[in-house]
Amino acid sequence: MDFVEREYTFWDQWTIFRKRKNLILLSAATAAVGAFVLSFLLPKTFSATATLFIPEPRMADTDNRMLDFIYYDLLRSWQTSVNNNYLIQKTIENFGLQNAPYGLSVDKFKRQQVLQVELLKSTRLLKVNGEFPDARLAADIANFFAASIISLSEEVAAKDTQATRLLIKDQLDRAAQESESSLQSLMQFHKTSRLEELRETVRNLLEEKSKNEAELSRLDIALVRNTAKREWLLAQLKEQSPEIQLKRSPDVNSAYLGSDKAKLSPNTPIKEESMDLLHQHIRAQILEANSEIVAINAGMQMLRKKLGVDKQKLALRLQEKITKENTFEQLSLVSKLASDTYASFNKKYQDAAWNMGAVMHPKVISPALPPDRPHKPRILLNVVLGACFGFMASTLLTFLFQNLELAKSGFRRETSVHQDEKVREIRRSGKGL
């Protein structure tokens, strides 16, 4: 069909628009007037904004990057304060908004978006915006809500800090008691164990043992020397030679002569009348050596017994000393650990006291003031939007109606042509009308 396949040019569109321009302009004006009237009929809403500044926290022993992460994470948490039902209920009750003519509840307060809390990007500023039909109430609500946020922050921070300090104080007291108890146990053990006296006793036993071992070694050497001397004298006494040479025994030579001035040569023979005297002298020396050997053996036996007793005492004292020293070291370690624990909790307690001023408490830097003009409705914007809507709607309707008219005219032409063809076909068949 012709009306379906037809394409409109810009000139055709302009022609249609010019033909219907009065209607289009009238519709746009009517929509603008309607928006203007409706804006005046809508309730007026005033907006007031209070601005808060959130300082950076001061936290001890915190890395800068971790501090930034904590800070910005806490900043985002302030935006959720608008959903705090406690603060909203407190605001409603403070201004009596639950009564007529407002009749606000917490849910209605949220749905009407009376308050908006917004964190300005890349800043430490928090905006609390209040929207209400009354200009004075809008400013008062924004200021009261901002003050409530600060009060709630300080109250929560104080309670949290106090609870933390009480918890750390309890742990600190227990650590102090444990440290004092461990120190008292250490001092009591040091006093009753007499560890220093035991150490002195062990040292004396070791010294005595060393002296006795040295004396035993000396006696052993003396025993060997006297035994060798006795064996030599016995060998001299058993010789069958009529002449006894004195070259191997200077002691016998001097003893026989009875004077240091009379010396015999090694090869000087002794006369027979002197043999008995010499034999008697040798036997006397043998007896003396035997007595010395007996005395040395008795002394060595006594020293061995004493060494055995000393070794037993030393073994017992050493075992006791090791046990007490191990106990003392354990008690010292426990006391040191308790002291370190007390120092750690004391530092935490001091840090908790210092961090009371490190909590972020926002401060109002710009209170909300009652506005002079309403924030809503925006009459000029509504009029412009109404005129644009009326203009576009009327233009679309104009083109729609034009298409409908063309469709109806084309349908009529097609129907008339179809009827004329039937008439001609009947006439050609000669049947008549």
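Each reported figure results from applying straightforward, stated rules to the coordinates on display, with no laboratory input. Remember, it's a predicted structure, so these values are computed and weren't measured experimentally. As a convention, Cβ positions derive from the backbone with ideal geometry for all residues, glycine included, and neighbour counts pool all protein chains shown.
Tabulated data for the structure shown
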| item | result |
| --- | --- |
| Among the listed pairs 127/159; 127/169; 321/347, those beyond 28 Å (Cα-Cα) | 127/169; 321/347 |
| Computed FRET value (nearest 0.05) for residue 392 with residue 116, which takes r as the C-beta separation and R₀ as 41 Å | 0.80 |
| Using a Förster distance of 45 Å, the FRET efficiency for residue 15-residue 106 (Cβ separation, nearest 0.05) | 0.15 |
| In nm, spacing of pseudo-spin labels at residue 224 and residue 152 (7 Å Cα→C-beta vector) | 10.1 nm |
| Mean Cβ neighbour count within 10 Å, used as a protection proxy, ranking 188-201, 42-55 highest first | 42-55, 188-201 |
| Most to least packed among 335-345, 371-381 [average Cβ atoms within 10 Å] | 335-345, 371-381 |
| Within segment 373-388, backbone nitrogen closer than 18 Å to the virtual label 7 Å beyond the Cα of residue 95 toward Cβ | 373-377 |
| By average C-beta atoms within 10 angstrom, highest first, the peptides 107-118, 122-133, 314-325 | 122-133, 107-118, 314-325 |
| Residue 372 versus residue 325: modelled label distance in nm, points set 7 Å from Cα along the beta carbon direction | 9.4 nm |
| For q = 0.10 Å⁻¹, Debye-computed log10 I/I(0) when each Cα of segment 122-206 counts as one equal scatterer | -0.60 |
| Flagged links, alpha-carbon separation over 19 Å, of 211/324; 108/363; 229/306; 209/313; 211/306 | 211/324; 108/363; 229/306 |
